Structures are given as C-alpha cells and as structure tokens.
Amino acid sequence: MKALDLIRRLRANGIDANAILDAVEGMEEERLAKDRAKTAKYRNNKKNRHVTTVTPVTLVTRARVEGSSSSTESTGKKDNRGTANAALVTELETVLDPEHAAAVVEHRQKIRHPMTVRAAKALAGKFAQCPNPNAAADTMLARGWRGIEPEWLSADGKTKPEGEVIYKFTTVEEVMAEVERERKAANGG
C-alpha cells in the first residue's frame, strides 16, 4: 500500500489531516535519525580503517661472538643462511668448480627461486649430463634460467643456434606474385 492511499483511508475514517501529518512527520524523523546514525557509523569505521599504529623499531646488528666462528644476532639467534648456502654450493661442487657453484646459488636467490639441497642435487645431475658443466652454468646465468637441460646446449656447452632464417622474398611484389602463383596452381589453372 502506498503512503498516499493510507492517508486517503485515514481521512475517510474521519482522522484529522493535521493528526495524519504529525504522524507522518514523526515517522519521517525516525527514519532520518536512523539514516544519520548509520552514516555516522560508516564514516567512523571508514576513518579508522586507514589508521596504522607505529611501533618503535629496534636495530638488530650482527656481531661475532668471541671464540665462535658463526655469526649471531644481538638476539642470540643463529644465522643459518651461510650453512644452507654452503650445503648447496657443496652439492653443486660435485660437478662445477667452486666459483660457478656459488654463482648458481646466488643467481637462484636473486631471481627469487632459492634451492633446497634436493634441488641442488637434481641441478648438479643436469649439469653432469652436459658436455661442459661450467659453460652450461655460464649459459644458465647469462640467460636468467632457473635450471638447465642438456638438450638446450650444443657440444661446447653454449646454447644451440636456433637455425638461420632464410628469407625467400625481398619485396612485397615478390610475395604477392608467389601468392598469385599458388592460388592459380590450387585452382588448376
């Protein structure tokens, strides 16, 4: 039922127009008060949503502990990155020289694909299948590859040439003439 129909019925039942108007205004004020409260709550939540709390930051420095060969942080935690990298380099050194092995580990970290010891063993196996593992490592690093496959390389460990592209035509007219000859041959004429 529409509001206008309701007002007509109330008037037909003898209710005064001023009483109806007061009732409608009261209902409208209630609705507006609810809308204002809802909007204020939304704005308050939106304003607080972007507030971040700032906490003081303490600087953690690395220091050598006397009598120890490993580095520790001032918090007393051990730094395992050196030992993890050493294990990876050791695995790769079964096939590569130390310089190439360290370069491969560093490369994988820089491209954000760090290796596990198992991945280093698998990569060492792939390098072992290459004719020249150190040259294969150089190619992998130069091309930004994550790994290596022996079939990607030629006998000297460098990448295989893609093959020479031989252009049959030099001008657009030659291409169009060839297309026309092929069309005629296809049509039998």
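Per-structure values
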{"read-out": "Zero-based 10 Å bins, Cα pair distances in the stretch 3-46, whole percents", "value": "26, 33, 21, 15, 5"}
{"read-out": "Relative compactness, the stretch 81-152, computed as alpha-carbon Rg over 2.2 N^0.38 Å", "value": "0.96"}
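FYI, it's all coordinate maths here, none of it is from the lab. Treat the numbers as computed from the prediction; the structure is a model and nothing was measured.
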